[in-house]
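Structure first, commentary second.
The values are calculated or read from the model by the stated rules, or taken from the named source; none is laboratory data. Everything quoted here is computed from the prediction, not taken from an experiment. Here the Cβ positions follow ideal geometry from the backbone for every residue, glycine too, while neighbour counts run over all protein chains shown.
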Amino acid sequence: MDKDVPRATHDLGGVSKFMCEPVDVEPHALTDFDREVDAVRAILGLKKVMSVDELRRGIEAIPEADYLRLSYYQRWVRSIVDNLLVKGVITEAELRAALEAER
Amino acid sequence: MTVLASGQRVRVKNDWPETRGPCHIRTPHYVRGEEGVVMRHLGDFPNPEDLAFARPAALRPLYHVAFAQPSIWHEGSAGDVVQVEIFGHWLEPA
Amino acid sequence: MNILETESGRLLNAVRGLLTAKGILSPAEIAERIAITDAGSPAQGARMVARAWINPEYRALMLRDGTIAAEAMGIVMRGMPPLGVLENSSEVHNLVVCTLCSCYPRAVLGYPPFWYKSAAYRARAVRDPRGLLKEWGTVLPERVKLRVVDSTADYRWMVLPLRPAGTEGWSEEKLVSIVREGDMIGVTIPVLPG
């Protein structure tokens, strides 16, 4: 039974709705996308642009439905972009322009 | 800063900063308000609650605290333990 | 639409381009970092375990200061979080989890496995660890107490498993070969091959 408390989405210890969920114990190889996201985060940390604590905060801010739906590294990308915008490393205008240019 | 001794019984504060605005808390929900035992002082580290917002972060003592599993969940095997890293500012003597 | 809801592949490409243009990183640095991280693997932790099984002084060092013990095996720990080592015994079996995210002893074990990061693992480990261990076919005797360690802060944790019976006289290299990733997280116990 879950305590009636304002539990944050990511705070998953003992949460009832997952207690009967099977664990997929098979190894799943990381994709190129996964590796690249991991590397970008590591470099941003080494260069003191964004800390792992800031990464976690950004992930925790993802609304519950998206948090549970997105893959692990998709959550990282969302948090990295969120942090870069909030910290003014990139602007939303720059990002929109870069996304447009991709089309 | 006073360091809690190994063997000290402590209670985790039943506090919910999540209700007061954006925050980053590393004390899991399932131990808040629960009683446990300090196993050891792990060292002093910058407070992640501040690091997460790029604020200056004071060093805070970090403890390994053991909780009897059955007492948290009202289920589980006697003698089983959950051990959690908890910062001193979340702990009070029990 | 909230820009954060853009498909992640597109976001990654856009951000990589912007960060490169701003001189913050480059594709070459990304490739280099991927190569470095890819080189990490559970074999590093396995070497520490095998050494501890053979050498009581190293075992004592590993339990006293995991970071220094890792460095003694040539593992780079500079800039890495402190490493804590949890000793399995005939009375206590340790299991590592990070319920809040996925903190994992990457410096000695490499990337965390897919299952370690799953909601099911993170939820079940602290509340029903014995049921969870059955997913790997691991059953502990009743008299063995289970200690679940939730990695919530600065430390990263690995398990020093019990050396299995039947390995007396084995070389260190042969011992390394039977230590698996799951043994050092606590979801499995080392077994003899065959």
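Remarks
- Residues that are assigned to a helix (DSSP H, G or I) and either over 26 Å from B:P28 (Cβ atoms) or not assigned by TED's automatic domain parsing to the domain that holds C:D154 (or both) within the range C:63-80 comprise C:R64, C:I68, C:A69, C:A70, C:E71, C:A72, listed in sequence order.
- When C:A14 is tested against (1) within 13 Å of chain A (Cβ to nearest Cβ); (2) surrounded by fewer than 18 Cβ atoms within 10 Å (Cβ to Cβ), exactly one condition is not met: (2).
- Matching residues in the range C:127-162 - criterion: being β-branched (V, I, T) and in contact with an Asp or Glu (Cβ under 6 Å, 6 or more places away or on another chain): C:T152
- Screening A:L70 against (1) in contact (Cβ under 8 Å) with a residue 40 or more places away in the chain; (2) under 21 Å from C:C98 (Cβ atoms) leaves a single unmet condition, (1).
- Of all residues in the range A:50-75, those that are within 14 Å of chain B (Cβ to nearest Cβ) and of a type in the set (G, A, S) total 3.
- Among the criteria (1) touching a strand residue (DSSP E or B) at 6+ places or on another chain (Cβ under 6 Å); (2) more than 30 Å from A:L84 (Cβ to Cβ); (3) not charged (D, E, K, R), the one B:P70 does not fulfil is (1).
- Cβ-Cβ contacts under 8 Å between residues 6 or more apart (or on different chains), taken from a first residue in the range C:107-124 that is facing chain A (nearest Cβ under 9 Å) and under 18 Å from C:M77 (Cβ atoms) to a second residue that is assigned to a helix (DSSP H, G or I) and β-branched (V, I, T), are listed as C:Y111/C:T37.
- You will find that of B:L42, B:L51, the residue that is surrounded by 15 or more Cβ atoms within 10 Å (Cβ to Cβ), more than 8 Å from chain A (Cβ to nearest Cβ) and touching an Asp or Glu at 6+ places or on another chain (Cβ under 7 Å) is B:L42 and no other.
- Extreme residue, nearest to C:A46 (Cα to Cα), among residues of the range C:154-194 that are within 14 Å of chain B (Cβ to nearest Cβ) and buried (at least 24 other Cβ atoms within 10 Å of the Cβ): C:V159
- In this structure, A:R78 qualifies as facing another protein chain (nearest Cβ under 8 Å), without any contact (Cβ under 8 Å) to a residue 24 or more places away in the chain and within 14 Å of the chain's Cα centre (by Cα).
- Contact map, the range C:140-167: residues that are over 23 Å from B:Y30 (Cα atoms) and of a type in the set (D, E, K, R) paired with residues that are modelled with pLDDT of 95 or more and crowded, with 16+ Cβ neighbours inside 10 Å, Cβ distance under 6 Å, separation 6+ or inter-chain. Pairs shown: C:R163/C:W53.
- Residues in the range A:14-29 that are more than 12 Å from C:R127 (Cα to Cα) and either surrounded by 14 or more Cβ atoms within 10 Å (Cβ to Cβ) or at the interface with another protein chain (Cβ under 7 Å from one of its Cβ atoms) (or both): A:E21, A:P22, A:V23, A:D24, A:V25, A:P27, A:H28.
- Filter pass, C:L100 being under 13 Å from the mean Cα position of the chain (by Cα), facing another protein chain (nearest Cβ under 10 Å) and of a type in the set (A, V, I, L, M, F, W, C): no
Conditions tested, residue by residue: (1) away from chain C (no Cβ under 11 Å); (2) of a type in the set (D, E, K, R); (3) within 10 Å of the chain's Cα centre (by Cα).
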| residue | (1), (2), (3) |
| --- | --- |
| B:P22 | yes, no, no |
| B:P28 | no, no, yes |
| B:V37 | yes, no, no |
| B:P56 | yes, no, no |
| B:F67 | no, no, no |
| B:G79 | no, no, no |
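- Among the residues of the range C:17-29, those identified as facing chain A (nearest Cβ under 7 Å) and either surrounded by fewer than 15 Cβ atoms within 10 Å (Cβ to Cβ) or not hydrophobic (A, V, I, L, M, F, W, C) (or both) are C:G17, C:E29.
- For the range B:8-39, the candidate set comprises residues that are assigned to a strand (DSSP E or B) and not β-branched (V, I, T); within that set, the residue that is surrounded by the most Cβ atoms within 10 Å (Cβ to Cβ) is B:G36.
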